[in-house]
Amino acid sequence: MELKEYQQKALKQVRSFLTVLSNEVKAGNLKHASEDAWEAIELKSYTESRNGLDKDLPNFCLKIPTGGGKTLLAVRVIDLVNQIYLQKRNGLVLWIVPTTQIYNQTIKNLRNKEHPYRQYLDIASGGKTLIIEKTEKFTPLDIEENLVVLMLMLPSASRSNKEALKVFRDSGGFTDFFPGEDDRKGQQELLAKAPNLDAFGDDQDFWGRQIKTSLGNVIRVLNPLVILDESHKGKSPIAEDTLSNLNPSMVVELSATPHEESNILVDILGKELNQEEMIKLDLHVINKASTEWKNTMLASKDKLDLLDQKAREHEANTGVYIRPICLIQAERTGKDQRDGRYIHSEDVKEYLIKGLGIPEEEIAIKTSEKDELKQIDDIGGLMSKDAKIRYIITKQALQEGWDCAFAYVLTILTNPSSRNALTQLVGRILRQPYARKTKVEALDESYVFCFQQRGTILLDEIRKGFGQEGLGDLQSKVTISEEAEARDKEKKTYAVRDRFKGLVDDVILPFFLTKDMDNWRLIEYETDILINVDWKKVNLKELFNLSLSTSEEQDKEHITNLSEDVKELIEQKQIIRLKEGGLVLDPVFIARQLLEIIPNPWMAYEIGEKVLSNLHKKYDIKRIINNLVFIIEETKKQLERERDRLAQEEFMKLLVVKRIKFMVAGNNIGFKIKKEYKANVNARRLNNQDGAPLQKSLFEFLEEDELNEDEKSVAWYLEEQEKLLFWYRNLARTDYPIQGWRKQKIYPDFVFTSSEDQKDIDEIFVVETKGIHLKESDDTKYKRSVLEICNTQAKSESFIKLFGDKKIHYELVYGDEWERKLNELLS
């Protein structure tokens, strides 16, 4: 599963923190390593935690909005923690979730060997992954030979009720993890190492204190990595104390709305999900004036039928299957609650069948008493072509953790005075099918139908709902219509200003093109650049000269706090002892790690083997194994550098031999600025600093949320320039792209034109802005190089013949010098 750009940035941030943290520990900083590492990467204040052994407990949070792929990031983070910090492939991961819905969904995906989540865990563990529940037994050998993921519900991890205490009781099934009952010395030594283990009796008894052989004590001994899903629900004092008392080695929180005391390492915005096509926006809310709930249901059916028609057309054109689903929230679902006073789930089902002619097989009721979706799971789930469900009736059963990207319409039939329905359910319809826009507007948006809601209250509840899903920055993407007939008012379309209409056609921007047979087309990274990279030319010399650490204590320290005692105990019971570090010299494992960069598995294997064989000339096998994670990380870094270097060489070679040209081809291949701009009716308008309307933007209206503060400053500056004719905000992923020799396209921030007579365009400027803190970043250097090539090409004789007197300039400007640079351009 290919990672989105924001997911790559998130993992890069995690990698940076873990690397610094690991170095702090290696340097002997055991008391405050986490806090010092946090400060070293210049993050906000860190809330320090300690585990049940009073040792530093690294903990951080990934703030991920609904639909952002938190489980995918979690499995990736497990691999990073094991590689960089714990330096092993085995051990215990405690995965804690708050609800049955999330529990069932997560364990189902992790146990499915065909699912990307499980496949990545298998790659990380070398194919040795066990997914278990608290009722299943496991042995020290299982832990020694596998990456074991133990699923727990939040109540089971918190000792706040009688049911929760079961996990801490003496089950009698985990005796192999502890000294025998007659081994008083062994019991005392283990209790001295871990005083918080539950035990019977006291020191005065004949056998002394006896450690309970419970699952809770096993967890404490193994110092697990903890994944805390929906962590904001586990921030009660009881839950936090219970969690730290399990002696974890690290806690990784996942949440769309973290607690104020969470250490937020990664903060993903809703805008980033929207740009990566992960969610269905805009959200259209149709508030029916009728007091009759059946009218609201009828309007929902009309919308679903329209979506179904669009989906069938889309499948016919692309082969991509989508079956739009309507979620319906009723007021009552209980067997004995159908008394006519409230809208019952059976009332809704009856109306759908008898009143609207919906086949019964297309309707399912999902409640705590009646779950008709279970049988759908047996045939592959709701997104399977074998499933026929188009309507799901519920009350609260789908509020959290339920996930089906085919859900497009939410129908709220609860009492208009009930304010929590939208807040709790809106996130269920936001996921984009297959995380890819269809380019069919109706299928790329989502819809809510309700009745007799007060407008201000309605908007407030939706804002709360977006906030709870981590999408607070996308509130402007909500359109409210007081009646379904007002659909055409959900967005307002703005045309190019009258005085610019005759000029906008003169702005045609070039692409990098390549020729297939007799036709020119846009270049593509994978098929035109990456495929031609000669991996045999990669320079591996830096890797052959790596300095490998002689220290072995770091592995013992990182595996578990009780690692030496546990291993000795395992050895006494004649169970095979782990190699230090938990890793073996396996070229196949190394090749799997390199496949993230090298698409050819045979070449990845060959390079991994070459690196190891050269290092083996200087170091013995044991030393290489003890440094294997470091070797893999350095190899990946070097290969990324070499891939980009070789891709750049290939790109430049193709330019020289004219297999790539920077040009437009006919009327069809060249970027033309859009002549319409669609804005949400409730979006805030960008004005000048003094509050006056913009005068030189191509459109009279521009959504303020589409520009950050630096970009607003540039826009305001452009408004004041006499030579400037008009300017245009180039939007990422929808407007003018430049494909260079790296995968991610460049979307410059602004396109603007200048004119001496204010009538005809003299020059066109394409400008990318960068904050001063990013001035020397690798991404900035790359963009600067590509834009410099664009400028060179734009000065070529063939280019000038094509564009005539109209000059085109490409510039990258920084936060500390953009005004001076733009003054030079417009002078």
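The values are calculated or read from the model by the stated rules, or taken from the named source; none is laboratory data. Since the model is a prediction, treat every value here as computed from it, not as a measurement. Don't worry about glycine lacking a Cβ; one is built from the backbone with ideal geometry, like all the others, and counts go over all protein chains shown. Accessible surface is based on the protein model in full, side chains and every heavy atom, while ligands, DNA and RNA are left aside. Shrake-Rupley method; radii C 1.70, N 1.55, O 1.52, S 1.80 Å.
Structure summary
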read-out: Sites matching chymotrypsin sites (Phe, Trp or Tyr not before Pro) across segment 183-259 that sit in DSSP coil, with at most 13 neighbouring C-beta atoms within 10 Å; value: Phe206, Trp207
read-out: Label-to-label distance, nm, for residues given as Lys55 and Lys743 (7 Å Cα→Cβ offset); value: 3.6 nm
read-out: Centre separation in Å (Cα based) which lies between segment 645-697 and segment 272-317; value: 31 Å
read-out: Charge dipole magnitude, Cβ of K and R +1, D and E -1 - segment 699-807, Cα centre, debye nearest 20; value: 840 debye
read-out: Accessible surface ranking that places the most exposed of Ser697, Ser613, Ser45 first, with a 1.4 angstrom probe; value: Ser45, Ser613, Ser697
read-out: Computed lengthening from Lys622 to Asp735, 0.36 nm per intervening residue step minus Cα-Cα distance; value: 35.3 nm
read-out: Label-point separation, Asn687 to Phe701 (7 Å along Cα→Cβ), nm; value: 1.6 nm
read-out: Protein accessible area in segment 612-657, 1.4 Å probe - carbon and sulfur %; value: 53 percent
read-out: Modelled label reach - Lys515, point 7 Å along Cα→Cβ, segment 651-691 residues with backbone N closer than 11 Å; value: 658-661
read-out: Label point distance in nm, Glu313-Lys501, each placed 7 Å from Cα along Cα→Cβ; value: 2.8 nm
read-out: Segment 228-264-segment 110-127 distance, computed between alpha-carbon centres (Å); value: 25 Å
read-out: Segment 287-332: GluC sites (Glu not before Pro) in DSSP loop, at most 12 other beta carbons within 10 Å; value: Glu292
read-out: 1.4 Å probe accessible area per residue over segment 1-104, in Å²; value: 37 Å²
read-out: Protein accessible area in segment 759-819, 1.4 Å probe - carbon and sulfur %; value: 46 percent
read-out: Net length gained if the chain between Lys537 and Thr780 were fully extended (0.36 nm per residue, minus Cα distance); value: 84.9 nm
read-out: Highest average packing first - 629-636, 266-273, Cβ atoms within 10 Å; value: 266-273, 629-636
read-out: Environment charge of Phe750, counting only residues whose C-beta is closer than 10 Å and scoring Lys/Arg +1, Asp/Glu -1; value: -3
read-out: Alpha-carbon centroids, segment 612-626 and segment 698-728: separation in whole Å; value: 58 Å
read-out: Protection proxy ranking of 60-73, 784-797 - average other beta-carbon atoms within 10 Å, highest first; value: 60-73, 784-797
read-out: Residues Asp371 and Ser290, FRET efficiency given R0 of 30 Å [Cβ-Cβ distance, rounded to 0.05]; value: 0.40
read-out: For Lys388, net neighbour charge (Lys/Arg +1, Asp/Glu -1) across residues whose Cβ lies under 13 Å away; value: -3
read-out: Relative contact order %, segment 278-375, counting alpha carbon pairs below 8 Å whose residues are six or more apart; value: 14 percent
read-out: Residues whose placed amide H lies under 5 Å from that of Ile358, excluding near-sequence neighbours; value: Ile353
read-out: Placed amide H near Asp282: partners under 5 Å, 5+ positions off or other chain; value: Ser446
read-out: Cβ crowding within 10 Å averaged over residues, with 18-24, 143-149, 523-529 ranked highest first; value: 143-149, 18-24, 523-529
read-out: Prolate/oblate/rounded label for segment 678-827 (Cα gyration tensor, a/c 1.5); value: oblate
read-out: Mean accessible surface per residue for segment 192-300, computed with a 1.4 Å probe while every protein chain stays in place, in Å²; value: 35 Å²
read-out: Formal net charge of residues neighbouring Lys783 (Cβ-Cβ distance under 12 Å; K, R +1; D, E -1); value: 0
read-out: Förster radius 56 Å - calculated FRET efficiency between Glu42 and Lys675, Cβ distance, rounded to 0.05; value: 0.80
read-out: Solvent-accessible area per residue for segment 766-807 (1.4 angstrom probe, square angstrom); value: 58 Å²
read-out: HN-Hα J in Hz across segment 326-338 - Karplus 6.51, -1.76, 1.60, θ = phi - 60°, x for Gly and Pro; value: 10, 8, 10, 9, 8, 8, 9, 9, x, 4, 9, 9, 8
read-out: Gain in span if fully extended, Glu5 to Ile353, counting 0.36 nm per residue against the direct Cα distance; value: 120.8 nm
read-out: Rounded percent of accessible protein surface that carbon and sulfur make up, segment 198-342, 1.4 Å probe; value: 44 percent
read-out: Estimated dipole of segment 673-757 in Debye, rounded to 20 [Cβ of Lys and Arg +1, of Asp and Glu -1, Cα centre]; value: 620 debye
read-out: ³J(HN,Hα) computed for each position of segment 123-134 - Karplus, 6.51 cos²θ - 1.76 cosθ + 1.60, integer Hz, glycine/proline x; value: 5, 5, 9, x, x, 10, 10, 10, 10, 10, 10, 5
read-out: Of Leu698, Ile632, Asn614, farthest towards positive along the dipole that unit charges on Lys, Arg, Asp, Glu beta carbons give segment 598-725; value: Asn614
